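Below: one structure, written as structure tokens.
The values are calculated or read from the model by the stated rules, or taken from the named source; none is laboratory data. In this text, all values refer to a predicted model and were calculated from it rather than measured experimentally. Please note: Cβ atoms are built from the backbone with ideal geometry, for glycine as well, and neighbour counts cover all protein chains shown.
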Amino acid sequence: MALAVEHLGGDLDFLPDGETGSRRNWIIGMIESLRDHPALELVRDGDWSDYDDTPRFRVKRGQRLDELDLGIVAAAREALPVHARLAGGAGFQVGIPGDVDLAMFVFGPTGPVRHLRPFTEALAVTMRQIHDLIGGDALFQIEIPVELVLMARAPRPARAMLASLLARRVARLVSAAPEGARFGVHLCLGDMNHRALGRLRDAGPLVQLANALVARWPAERPLVYVHGPLAAADHPPVDDAAFYRPLRGLRLRGARFIAGYAHEDQDLATQRRIRQHVEDALGRRADVSTSCGLGRRDRAAAVAALKRIKALLT
């Protein structure tokens, strides 16, 4: 938090706690904690060195997977005093992984069909408890890489139906939060070990999914922003106006668009041209970020990324 405030300060509307320690690799720590869950058994081990080398679980015969504690509430409680000291009025952003994403990474492709309920319930409890703890200063960032990667891989004729199906699932999760809770959406292409799970040929799948989400978004739970990855982990964004042209069709109904193109490994002049491509397509200014936060960076790379974001704000 101190690092983000040092480099971005008053440009931050929301400040996350940095997801340090065991949470630095997004949901990996949550999944690793399931090795000791009495209702689960490991069917394939993995060391998270690649997307194909991850552990897989199954529910034991006669057991029921219930009352999962993902550790998000305890982390928020621990970080709250630090946030209060450093944030300078910025809201408290809390990352909430998608239930489909958790089920997929824990159980494999059949997980979202067979074992979604425990994750939906655990995340609902998490959001209610954090809302009770923090109140109106909290913003829940729904983080959904699986959904965008599926959109990127789907044949073009199937994307509209797929986007609608995925958006309904996300809307159900959001509806489980207390009324009045604020949200952002982090669309993602994956960033494990700073490598992406999927790539976009253009911004079209991102736009279709974002529009479907907004169309189904529960009105009583304000959507503040949608973040879209325009780079892919270690791959910088492309310098081609055609890639960004589908952003003309983005319909966010008042939510802000955060363009995830900031990349510390690309020269600033190119990055500014890309900013122009993005804003020409949108017809307006866009907020700016990296494609997937700072979670897979060492300190030097994180500082470089923060400095790049700051340079692109001017």
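Remarks
- In summary, S291 fulfils each of the numbered conditions (1) within 23 Å of I28 (Cβ to Cβ); (2) assigned to a helix (DSSP H, G or I); (3) modelled with pLDDT of 95 or more with the single exception of condition (2).
- Candidate set: the range 263-292, residues that are free of Cβ contacts under 8 Å to residues at least 12 places away in the same chain and within 20 Å of G184 (Cα to Cα); chosen: the one surrounded by the fewest Cβ atoms within 10 Å (Cβ to Cβ): R284
- Meets criteria (modelled with pLDDT under 95 and of a type in the set (G, A, S)) for A215: no
- If the condition is being surrounded by 13 or more Cβ atoms within 10 Å (Cβ to Cβ) and either closer than 17 Å to W26 by Cα or over 25 Å from the mean Cα position of the chain (by Cα) (or both), then the range 70-93 contributes L70, G71, I72, V73, A75, A76, A79, Q93.
- Filtering R285, R275, R308 for residues that are in contact with a Phe, Trp or Tyr (Cβ under 9 Å, 6 or more places away or on another chain) and more than 18 Å from L148 (Cβ to Cβ) leaves a single hit, R275.
- Elements of type strands (runs of 3 or more DSSP E) in the range 162-279, at least 2 residues being closer than 27 Å to A122 by Cα, in contact with a strand residue (DSSP E or B) (Cβ under 6 Å, 6 or more places away or on another chain) and not hydrophobic (A, V, I, L, M, F, W, C): 182-187, 223-229
- Residues of the range 295-309 that turn out to be of a type outside the set (D, E, K, R), touching an Asp or Glu at 6+ places or on another chain (Cβ under 7 Å) and free of Cβ contacts under 8 Å to residues at least 60 places away in the same chain, as a count: 3
- Residue among R35, R23 that alone is surrounded by fewer than 18 Cβ atoms within 10 Å (Cβ to Cβ) and either among the charged types (D, E, K, R) or within 26 Å of A196 (Cα to Cα) (or both): R35
- Only one of the listed residues (E121, E179, E147) is touching an Asp or Glu at 6+ places or on another chain (Cβ under 7 Å), modelled with pLDDT of 95 or more and more than 20 Å from R23 (Cβ to Cβ). That residue is E179.
- Number of the exception - T54 against (1) hydroxyl-bearing (S, T, Y); (2) modelled with pLDDT of 95 or more; (3) exposed (fewer than 14 other Cβ atoms within 10 Å of the Cβ): (3)
- Residue selected from the range 94-110 under the condition small (G, A, S) and surrounded by 22 or more Cβ atoms within 10 Å (Cβ to Cβ), by the criterion nearest to R61 (Cα to Cα): A103
- Residue check for T290: farther than 16 Å from L200 by Cβ and polar (S, T, N, Q): no
- Residue in the range 40-52 that is closer than 22 Å to R195 by Cβ and of a type in the set (K, R) present: yes
- Within this structure, L139 fails the test of being at pLDDT 95 or above and surrounded by fewer than 22 Cβ atoms within 10 Å (Cβ to Cβ).
- Considering the range 232-256, and only residues there that are touching a Phe, Trp or Tyr at 6+ places or on another chain (Cβ under 7 Å) and surrounded by fewer than 24 Cβ atoms within 10 Å (Cβ to Cβ), the residue that is nearest to R201 (Cα to Cα) turns out to be L250.
- Listing of helices (runs of 4 or more DSSP H) fully contained in the range 1-105 that carry 2 or more residues being more than 30 Å from K310 (Cβ to Cβ) and without any contact (Cβ under 8 Å) to a residue 60 or more places away in the chain: 28-33, 72-86
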